[in-house]
Amino acid sequence: MKPQVQYATTRDGVSIAYATYGSGGTPLVLMKVPFFSHIELEWTRTTQTESHEIERLAERRMVVHIDPRGSGLSQRGISDYSIDARVLDLEAVVDRLRLDRFAISAAIQSGLVALAFAARFPAPVSHLVLGGAYANGAGLWATPRRRGMAALAELDWETFTETFGAIGANWTRPERAREMASWMRASITQQDFLGLVHAEQQTDLRPLLPLITAPALVTVSPGGDFMLKSEFERQLVAGLPDARMISVEGADDTIRVVNEFLADKPSAPAPPPLSPDAASAFRTILFTDIEGHTEMMTRLGDDLGREVLRQHERITREALKQHGGSEVKTMGDGFMASFGSATRAVECAAELQRAFAAHAQSGGEPLRIRVGINAGEPVADQNDLFGTAVIVAARLVAQAAGSQVVVSDVVRQLVAGKQFLFSDRGETVLKGFDEPMRTWELLW
């Protein structure tokens, strides 16, 4: 089962390598620790522990292995390793594969990405498997041992990788230590490793943990991981609403535990079925998104942050109800909605922006909402909508800044003569499309 490497491009223009194995079941997206992630190399190593794990997991389901930015076969020399940027790696791949429901298995540093993604997009994440993961990167890298490791990595990369390999081999297996050091140097450069560490030294995702609805399995090895202290694992389990910790011994035990876990309950109840009107052929699709959501949650903390999100949900749902929009799903910091009328969708977008502006003026937490609107014939499947019309609307919300509404040219033409004012943004090539598309900003 050799990998057939493919690539997806993130919204910030980074090329991400991934490979898929198996089919059926709950798709499982694998994100390994970045400095030991290399899709091709893991199939040539003498121990082949990683390839064995993938083969066994792929016996029951589709497995997607991602090389995170700066590692493996993905683009190197990255300048942005913030959590928001790293979430784009996962977003790009699942979007490219059109996965609407999947589990995430993430190891150590990649656990931060899985947690941030699950907090921001709760609907598609069925389960989280977190191996040696942590939520408080700032706290972890503030410990003396991690500070020393970061300093050594900056001063002498080769010595650092050799030392890292020796620690990973428990100082008793020189050949294993040399292999790990070589594997690390092949997986990541000194520059990218330090960029990753420096970004994590500013990261604490503990305020986001209460927002994660997916059941989580935190796996630990007997004796603990040399990269972690048990306090960080306990913090993670204590902060997640639905989490359990289990000790595993070796790859086979891990595979058994993961397979059993993925047969568990789903993370959240399914949304109510779309109304017949919402599922009709020609629809106008509206996406919203809160600009700076992660930073806001980190600044406000758990209780206040969740209260602000409840206010955001209330205001959005009131506007949808007022203008006849059908809520398709919520992604934590945004909504997807469907309208039978392009005019009503545009009116709703304007009303949303006015409502959030009034909310801020009355003393509420300022929320800068981005809105994207497109129209077409999406595919209705159970309680969701799919297809090009939906993808374009999602791309348009990414084009908008806070308090902006960006619409496709087809939407502008559909509402021509309705006294809306638009500013021409010119043509742009949206991610995943070859042809340029003309877009417009609604002057609300």
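The values are calculated or read from the model by the stated rules, or taken from the named source; none is laboratory data. Here the structure is a predicted model, which is why all the values come from computation and not from measurement. FYI the Cβ positions are ideal-geometry reconstructions off the backbone, even for glycines, and counts take in every protein chain you see. For the accessible areas, the whole protein counts, side chains as well, though only heavy atoms, and no ligand, DNA or RNA atoms are used. Shrake-Rupley method; radii C 1.70, N 1.55, O 1.52, S 1.80 Å.
A few remarks follow.
- Total residues in region 345-384 satisfying the condition of being of a type in the set (Lys, Arg) and closer than 12 Å to residue 404 by Cβ: the figure is 2.
- Candidates 138, 106, 123, filtered to the one that is farther than 25 Å from residue 19 by Cβ, of a type in the set (Gly, Ala, Ser), outside any helix (DSSP H, G or I) and under 25 Å from the mean Cα position of the chain (by Cα): 123
- When the test is whether a residue is acidic (Asp, Glu), in contact with a helix residue (DSSP H, G or I) (Cβ under 8 Å, 6 or more places away or on another chain) and within 24 Å of residue 97 (Cα to Cα), residue 365 does not pass it.
- Residues that are at pLDDT 90 or above and polar (S, T, N, Q) within region 320-353 comprise 338, 343, 353, listed in sequence order.
- Screening the candidates 137, 111 for the property of being touching a Gly at 6+ places or on another chain (Cβ under 9 Å) and in contact (Cβ under 8 Å) with a residue 12 or more places away in the chain yields one hit, 111.
Residues checked against (1) modelled with pLDDT of 90 or more; (2) surrounded by fewer than 19 Cβ atoms within 10 Å (Cβ to Cβ):
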residue: 133; (1), (2): no, no
residue: 149; (1), (2): no, yes
residue: 154; (1), (2): yes, yes
residue: 158; (1), (2): yes, yes
residue: 176; (1), (2): no, yes
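Here is a yes/no grid of residues against (1) in contact (Cβ under 8 Å) with a residue 40 or more places away in the chain; (2) crowded, with 17+ Cβ neighbours inside 10 Å:
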{"site": "336", "(1), (2)": "yes, yes"}
{"site": "348", "(1), (2)": "yes, yes"}
{"site": "353", "(1), (2)": "yes, yes"}
{"site": "370", "(1), (2)": "yes, yes"}
{"site": "386", "(1), (2)": "yes, no"}
{"site": "394", "(1), (2)": "yes, yes"}
{"site": "407", "(1), (2)": "yes, yes"}
{"site": "411", "(1), (2)": "yes, yes"}
{"site": "423", "(1), (2)": "no, no"}
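- Tally of residues being in contact (Cβ under 8 Å) with a residue 60 or more places away in the chain and within 10 Å of the chain's Cα centre (by Cα) across region 87-103: 7
- Taking the criterion of being modelled with pLDDT of 90 or more, out of contact with any Lys or Arg (no Cβ under 7 Å at 6 or more places or on another chain) and either of a type in the set (A, V, I, L, M) or open to solvent by less than 40 Å² (accessible area, probe 1.4 Å) (or both), the residues of region 1-14 that qualify are 5, 10.
- Test: residue 76 is assigned to a loop (DSSP other than H, G, I, E, B), open to solvent by 50 Å² or more (accessible area, probe 1.4 Å) and out of contact with any strand residue (DSSP E or B) (no Cβ under 9 Å at 6 or more places or on another chain): no
- If only residues of region 232-252 that are in a helix (DSSP H, G or I) and over 25 Å from residue 141 (Cβ atoms) are counted, the one that is modelled with the highest pLDDT is 252.
- Scanning region 302-312 for residues that are over 22 Å from residue 400 (Cα atoms) and open to solvent by less than 20 Å² (accessible area, probe 1.4 Å) returns a single hit, 305.
- Only a single criterion out of (1) crowded, with 19+ Cβ neighbours inside 10 Å; (2) part of a helix (DSSP H, G or I); (3) of a type outside the set (A, V, I, L, M, F, W, C); (4) at pLDDT below 90 is not satisfied by residue 111, namely (4).
- Tally, over region 1-43, of residues that are touching a His at 6+ places or on another chain (Cβ under 7 Å) and outside any loop (DSSP other than H, G, I, E, B): 3
- The single residue among 41, 57 that is at pLDDT below 85 and of a type in the set (A, V, I, L, M) turns out to be 41.
- Checking each residue of region 37-48 against the condition of being buried (at least 20 other Cβ atoms within 10 Å of the Cβ), of a type in the set (D, E, K, R) and under 26 Å from residue 260 (Cα atoms) gives at least one match.
- Residue in region 86-93 that is under 16 Å from residue 237 (Cα atoms), out of contact with any helix residue (DSSP H, G or I) (no Cβ under 6 Å at 6 or more places or on another chain) and open to solvent by less than 20 Å² (accessible area, probe 1.4 Å) present: no
- Residue count, region 292-324 (criterion: farther than 19 Å from residue 358 by Cβ and not β-branched (Val, Ile, Thr)): 13
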